[in-house]
Amino acid sequence: MPARAVRGMSAPPEVVFSTATDPHRASAWLPEPLRGDGSPAAEISGEELRARWGDADDWSAEIRVEPADSGGARIQLDLADGSGGPGPDQLADEALTNLAREVADNLQAG
């Protein structure tokens, strides 16, 4: 069963989504087995602000970004750990913490 983490961010949903799906930033926030070689997510739906990553070892991540109050965003991450090891909930929380850091860096750079 996938772990689920939900977080709010004060950045606009489109900024959060474009940061999350930027292949150059993915290695900074996705768990190690999903970081890949800098290629984009396996599935991206820009209209729904939804993206999915997966690998051959049954790891997968799906992110959904929705508008929230005051122009911010609500992010939901579902993370499946193919190894069946402990801690997928912690990994999902850490991934969103790292994504928040990347979004802040993206906003400061732009």
Looking at the range 51-70, I want the residues that are at negative phi and among the aliphatic types (A, V, I, L, M) and have a partner that is open to solvent by less than 80 Å² (accessible area, probe 1.4 Å) and in a loop (DSSP other than H, G, I, E, B) with Cβ atoms under 8 Å, at least 6 apart or on another chain. Which pairs are those?
51/41; 61/30; 61/31; 65/49
Quick one: which of 39, 45, 70 is small (Gly, Ala, Ser) and either within 18 Å of residue 100 (Cα to Cα) or modelled with pLDDT of 95 or more (or both)?
70
Among the residues of the range 39-58, are any touching a Gly at 6+ places or on another chain (Cβ under 7 Å) and hydroxyl-bearing (Ser, Thr, Tyr)?
no
Given (1) in contact with a strand residue (DSSP E or B) (Cβ under 9 Å, 6 or more places away or on another chain); (2) aliphatic (A, V, I, L, M); (3) touching a residue at least 24 places away in the same chain (Cβ under 8 Å); (4) not in a strand (DSSP E or B), residue 6 misses just (4)
Could you look through the range 6-27, keep only residues that are under 11 Å from residue 95 (Cα atoms) and within 10 Å of the chain's Cα centre (by Cα), and pick out the one that is modelled with the highest pLDDT?
20
Please tell me if residue 80 is modelled with pLDDT of 95 or more and under 21 Å from residue 17 (Cβ atoms).
no
If you take the residues in the range 1-23 that are under 14 Å from residue 53 (Cα atoms) and not polar (S, T, N, Q), which one is least open to solvent (accessible area, probe 1.4 Å)?
20
So which residues in the range 38-63 are in a strand (DSSP E or B) and touching a helix residue (DSSP H, G or I) at 6+ places or on another chain (Cβ under 9 Å)?
44, 50, 51, 53, 54, 60, 61, 63
Considering (1) surrounded by 17 or more Cβ atoms within 10 Å (Cβ to Cβ); (2) at pLDDT below 85, say which one residue 93 fails and leave the rest.
(2)
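The values are calculated or read from the model by the stated rules, or taken from the named source; none is laboratory data. These figures come from a predicted structure and were not determined experimentally. When we count neighbours, we look across all protein chains shown, and the Cβ atoms used for this are built from the backbone with ideal geometry, even at glycine. Accessible surface areas use protein heavy atoms only, side chains included; no ligands, DNA or RNA. Shrake-Rupley method; radii C 1.70, N 1.55, O 1.52, S 1.80 Å.
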